[in-house]
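The values are calculated or read from the model by the stated rules, or taken from the named source; none is laboratory data. All values derive from a computational prediction rather than experimental measurement. Counting neighbours? That spans all protein chains shown, and the Cβs are built from the backbone with ideal geometry, glycine included.
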Amino acid sequence: MTDGGYRALEHTADLAFELWATTEEGVLEQGMHAVLHTLTAGAELKPEASREVEVQGLDSEDRLVRWLNEIIFLCLVEGFLPCDTEIVLDGTDLRAKLRGEVEAHERIVTEIKSATYHGLFLHVSEAEARAQIVLDV
Amino acid sequence: MKFERVDDYRFRIPIEGGMRVPGLVFASDAMLPSIREDKSPEQVANVAHLPGILRHSIAMPDMHWGYGFPIGGVAAFDEYEGVLSPGGVGYDINCGVRLLRSKLTREQVVGSLEDIATALYRTVPCGVGGKSRVRLSRSELDDVLTQGASWAVGHGMGRASDLAVLEENGCMQGANPDKISERAKDRGRPQLGSLGSGNHFCELGYVAEIYDPVAAAAFGLEQGRVTLMIHSGSRGLGHQICDDALHRMLKASAKYGIELPDRQLCAAPLHSPEARDYFAAMAGAINFAFANRQVMTHFAREALADTLKRSEASIGLEVVYDVCHNIAKWETHVVEGESRRVCVHRKGATRAFGPGHPDVPEPYRQVGQPVLVPGDMGRYSYVLAGTERAMQETWGSSCHGAGRRLSRNQAKRAAQGRSLFRELRDQGVFVMADSKATVAEELPEAYKDVADVVDIMDGAGIATKVAKLIPMAVVKG
């Protein structure tokens, strides 16, 4: 668990989140938590099983979108709902170990179509990393 | 963003920076301040940057902030210089509306609305996940992707006569299941014949007012008759196809040197391999959505027959029309006096072909294509007819709905402490929903008044008012 957080922003049609942490890995983790919060309305999830995922991005922002879409796919199709992750970044690639609940489709109360490139930004400095992501719901 | 008033219904966004054409926004003076509140006008300008765009970047009066294109956006592209953009279609490919008319009168159902709402809720799968009773093998899914609504009719879910009055007759040519990822197929396979969540619905209503008796007669709409409207799309299959395409189109945009004001507008030249592949996948999603609405039509017919203890034949429920809201299509339009093949993107907009067009079903050809414009669940919806003016000005396109006014969070806050189900019931609307939160997000005042939207289309001569429908029983996801 890294430090950092996320908060919902107003958006007419859909859901937007601001994400922040001390590192880019932390922002990616906070993005995962924002997605899970949206899907489950903040349900508490247990780390029953683990999964590994890999994502290749065109750049850091693209990688953030693809990472969140990977999470959305795992949740909606496979019913694997992660609550914890360890992320390793290498160039524009990402490898992550996820821990979460399996066969947990029934915990999902809101559908997300996709994480989008709309209004997307990811800024990383020595002191902090900050991003904005919009989810199409 | 600068708006130049053209007339009572039209505003022009002049060319600035890299815009290749001006923007054309259909709106009223009263509506313009709310349109300026979000960034949809900037999105109209962004679309105008795309290569090969013809004439205008257009926005309908229900416009609001979308992804890449605004919701309510329409743009046509030159066949040889233009592009295909998944952002011009959206995530819910062929999200659309189907309207059915019954032989029943309002008086015949008004005492059974709660039972009807309950039956529709039980019979038409809805809500998150929303798995259908239809079980598809992999090869059957491929058949759905290429055959569209006719697959469902061929499997006993519908009538052959249904197909004659669907846009594209319910089957878009050019679909290729091999161009659709296994992920997309995995997301879609359990969902054929399900509403989904969000703003999708199945709604029993009645014809409350007729504005154009000739067109209404052609559409089979009589005052007081019961109608059924189904709003849904291509479910997870379409979402994943869009997502897959965006990844590829981002690379393609760089490859072909297309400068993007917004990454969500990523695109490829219309005859490039990337665009051809996306078109083949998109057409598959379009067909899935046509089949989806066809299967739900079958479920709804069953539900009404069971509830009212009447035969399906005596109830009627014939399809009036089925329109796509999110689509890109090859169409022939007159450009600078010449008949040319162009690729029209409609993102939260409805085709509105005028009288005489060969693509308008024969029974409606004298009066123009039916344009179905759902409003919110508490007020009303409209049926319009396409016009020749739409052919000349908007690539035969019109508005698609009311357009959101409040964000989902604002709507939830507005719903706090209220019993929305009771409020709506007091208005004569029985609502069944998978989630109270969805009903809160979709509360009537979260949307613009659709009457204001269609009045602009009617006043501008783009689509003329035919009938008003009032909801009585609504199933939400």
Query raised in the report: Do we find that residue A:48 is facing another protein chain (nearest Cβ under 10 Å) and over 22 Å from residue B:184 (Cα atoms) in this structure?
Result: no
Requested in this report: Of all residues in region B:168-190, count the ones that are within 14 Å of another protein chain (Cβ to nearest Cβ), free of Cβ contacts under 8 Å to residues at least 40 places away in the same chain and not acidic (Asp, Glu).
Outcome: 0
Query raised in the report: With respect to residue B:373, is the statement that it is over 26 Å from residue B:160 (Cβ atoms), in contact (Cβ under 8 Å) with a residue 12 or more places away in the chain and out of contact with any Lys or Arg (no Cβ under 9 Å at 6 or more places or on another chain) true?
Result: yes
Requested in this report: Taking the residues in region A:94-112 that are touching a helix residue (DSSP H, G or I) at 6+ places or on another chain (Cβ under 8 Å) and under 17 Å from residue A:64 (Cα atoms) as candidates, determine which candidate is nearest to the other protein chains (Cβ to nearest Cβ).
Outcome: A:112
Requested in this report: Considering only residues that are more than 11 Å from chain B (Cβ to nearest Cβ) and of a type outside the set (A, V, I, L, M, F, W, C), look in region A:113-137 and name the one that is nearest to the chain's Cα centre (by Cα).
Outcome: A:132
Query raised in the report: Any residue in region A:53-68 that is modelled with pLDDT of 95 or more, surrounded by 16 or more Cβ atoms within 10 Å (Cβ to Cβ), away from chain B (no Cβ under 14 Å) and in contact with a Ser or Thr (Cβ under 7 Å, 6 or more places away or on another chain)?
Result: no
Report task. Return the residue satisfying two criteria in turn: it lies in region A:9-40 and is touching a Leu at 6+ places or on another chain (Cβ under 8 Å) and charged (D, E, K, R), and of such residues it is farthest from the other protein chains (Cβ to nearest Cβ). Result -> A:25
Requested in this report: State whether one or more residues within region B:67-85 are part of a loop (DSSP other than H, G, I, E, B), buried (at least 24 other Cβ atoms within 10 Å of the Cβ) and over 23 Å from the mean Cα position of the chain (by Cα).
Outcome: no
Query raised in the report: Got a sec? Which of B:367, B:431, B:466, B:454 is under 17 Å from the mean Cα position of the chain (by Cα) and touching a residue at least 40 places away in the same chain (Cβ under 8 Å)?
Result: B:454
Query - Scan of region B:289-318 for residues that are farther than 18 Å from residue B:122 by Cα, among the aliphatic types (A, V, I, L, M) and in contact with a Ser or Thr (Cβ under 7 Å, 6 or more places away or on another chain), ordered by number - result: B:289, B:315, B:317
Report summary line: The residue that is farthest from the other protein chains (Cβ to nearest Cβ), considering only those in region B:86-104 that are within 15 Å of residue B:264 (Cβ to Cβ) and not in a loop (DSSP other than H, G, I, E, B), is B:88
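Being hydroxyl-bearing (Ser, Thr, Tyr) and free of Cβ contacts under 8 Å to residues at least 60 places away in the same chain is true for just one of B:28, B:40, B:34, B:85. Which residue is that?
Details: B:28 fails: free of Cβ contacts under 8 Å to residues at least 60 places away in the same chain; B:34 fails: free of Cβ contacts under 8 Å to residues at least 60 places away in the same chain; B:85 fails: free of Cβ contacts under 8 Å to residues at least 60 places away in the same chain.
That would be B:40, the only listed residue that is hydroxyl-bearing (Ser, Thr, Tyr) and free of Cβ contacts under 8 Å to residues at least 60 places away in the same chain.
Identify, please: which residue in region B:54-63 is at negative phi and surrounded by fewer than 24 Cβ atoms within 10 Å (Cβ to Cβ) and is, among those, nearest to the other protein chains (Cβ to nearest Cβ)?
At the first step, the residues of region B:54-63 found to be at negative phi are B:54, B:56-63.
In the following step, the residues that additionally are surrounded by fewer than 24 Cβ atoms within 10 Å (Cβ to Cβ) were identified as B:54, B:56.
On the way: B:54: 25, B:56: 22 Å.
Here the residue is B:56.
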Report summary line: Every listed condition ((1) outside any loop (DSSP other than H, G, I, E, B); (2) farther than 22 Å from residue B:124 by Cα; (3) among the hydrophobic types (A, V, I, L, M, F, W, C); (4) within 12 Å of chain A (Cβ to nearest Cβ)) holds for residue B:406 save (1)
